[in-house]
Amino acid sequence: MDTSFTINNTDKVDNPNRKQVISQRLISFSNEFTKTIIILMVFLFLPLISGSQESIPDLLRKYNSHEHDTIRINALLDIGMVYEKNNNPDSAKLYFKEAEKFSLKSLTNTKQKREEIEELQLLSCRSQRYLALLYRNTGNQNESIETFKKVIQRYETLLKSIRKSRLDYTKSELSKTYNNLGTAYLSVGNYLASIESHNKSHELKLEIGDIKGAGISLVNIGNVHFYQGNLDEANKSYFEALDVLNKTNEYKEISTTQTSIGNVY
């Protein structure tokens, strides 16, 4: 016997009470399913860590053969990313921590030039951000949130003194961190903090002229509203995002935003 139903064909059920129960369960299932899709779309819009195309032996050779600290630290980060990509979070954590430790140690060298010091500071922040992402991706949300907050403080301090030529880059990295923090807050149900973080990410994207990033931040804000059940606010954010993204050729993001709008209806 076919016992499957849709919201549109519950009128085939004769018993009014059973019909009401089935309808309520279907609506509940539909809402939860849509929320699951929204969470998946949140992660689609996350700024991903660009994985290295080099193998671990190649990266280790790079680490051992170069004298420049920044190249060696980047090699450590790349090794960590390879391990994370291959589902080895413990080894990834080890290399991310080693990269952070190396960058902080290098900063004690008083002979470093200003630009070298700034690059090391940025690498130290990035090492810590990668650790926070690893914590989040392995389910340690509280540790992730606290680490993201520390990284944000460090980036904001850097913005006060960094060279103009590295200002936009630093704002971009800060924006990514706010976005990451917003997603972590969403995972623990802190919607107000999530929206606040995504709003700050959006403001920074506008400051550096990152149109695509600004649109994605608006989608992320819409996703939080949607998950709260604030459909009007979600729809408003999605349409604002669509207006922004339509100014780009980012068809994947445009399509995903249109899907988000469809989910509201």
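Taken together, the values in this text are just the output of simple stated rules run on the coordinates, not laboratory data. For clarity, every value in this text was computed on a predicted model and none was experimentally measured. Heads up, the Cβs are rebuilt from the backbone with ideal geometry, glycines too, and the neighbour counts pull from every protein chain shown.
Using +1 on the beta carbon of Lys and Arg, -1 on that of Asp and Glu, and nothing else charged, what's the dipole of the stretch 152-264 about the Cα centre, debye to 20?
So the dipole magnitude of the stretch 152-264 works out to roughly 540 debye.
Using the structure shown, select from LYS97/LYS252; LYS105/LYS176; LYS85/LYS149; LYS62/LYS113 the pairs with a Cα to Cα distance greater than 30 angstrom.
LYS97/LYS252
Quick one: what are the phi-derived ³J(HN,Hα) couplings along the stretch 97-112, Karplus 6.51/-1.76/1.60 with θ = phi - 60°, whole Hz, x for glycine and proline?
5, 5, 5, 5, 4, 5, 5, 5, 5, 5, 5, 7, 6, 6, 8, 5
Going by a ≥ b ≥ c, the root eigenvalues of the Cα gyration tensor, does the stretch 182-265 fall in the rounded group (a/c under 1.5), the prolate group (a/b larger than b/c) or the oblate group?
oblate
Ranked from highest to lowest mean number of other Cβ atoms within 10 Å per residue, what is the order of the peptides 132-144, 243-255?
132-144, 243-255
What translational D, rounded to a whole number of µm²/s, comes out for the stretch 108-161 from Stokes-Einstein when the hydrodynamic radius is the Kirkwood one over Cα pairs, at 37 °C and 0.692 mPa s?
It comes out at roughly 274 µm²/s.
Mean separation of Cα pairs under 8 Å and 6+ residues apart, divided by the residue count of the stretch 49-104: what relative contact order is that in percent?
Answer for the stretch 49-104 is 33 percent.
Set Lys and Arg Cβ to +1 and Asp and Glu Cβ to -1, take the dipole of the stretch 132-265 about its Cα centre, and tell me which of ASN179, HIS225, PHE148 lies farthest positive.
PHE148
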